[in-house]
Amino acid sequence: MGLVRAFLDGSSIVREEREEGRLEGRLEGRLEGRLEGRLEGRSEGRMEGRSEEARKVLRRLLRKYYPNVELLPEIDRISDVAMLESLIETTFEADGEELVRTAILEAAAKPN
């Protein structure tokens, strides 16, 4: 067995095949990584877009109903779409500005 192994290890054909296999493996891995990265990037981009649109709607409602709350910088820290949609509903249903302000501050304090 040792003689066969030594022969195979010393063979230029075997070395070339191993190197070709390594190169193919690296190329395949890079291509898979790029594809995975693109898909992940698109998904993240869509979520950011949905968050941004929900923030715009929230700010429009605040401008109309509670203008003193519209410019709260904490709104920009909220990225969770469900949370932003909940704040939109709160804006419609709230009895006063302080309730809306408190809801925004509490949402901004939670991890997104």
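The values are calculated or read from the model by the stated rules, or taken from the named source; none is laboratory data. For clarity, every value in this text was computed on a predicted model and none was experimentally measured. A quick note on method: Cβ atoms are made from the backbone with ideal geometry, for glycine too, and the neighbour counts reach across all protein chains shown.
Figures for the structure shown
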item: Residues being more than 8 Å from the chain's Cα centre (by Cα) and either of a type in the set (Val, Ile, Thr) or at pLDDT below 85 (or both) - total across segment 26-51; result: 15
item: Subset of segment 66-88 [part of a helix (DSSP H, G or I) and either under 21 Å from the mean Cα position of the chain (by Cα) or surrounded by 13 or more Cβ atoms within 10 Å (Cβ to Cβ) (or both)]; result: Glu74, Ile75, Asp76, Arg77, Val81, Ala82, Met83, Leu84, Glu85, Ser86, Leu87, Ile88
item: Members of segment 89-105 found to be exposed (fewer than 14 other Cβ atoms within 10 Å of the Cβ) and in a loop (DSSP other than H, G, I, E, B), listed by number; result: Asp95, Gly96
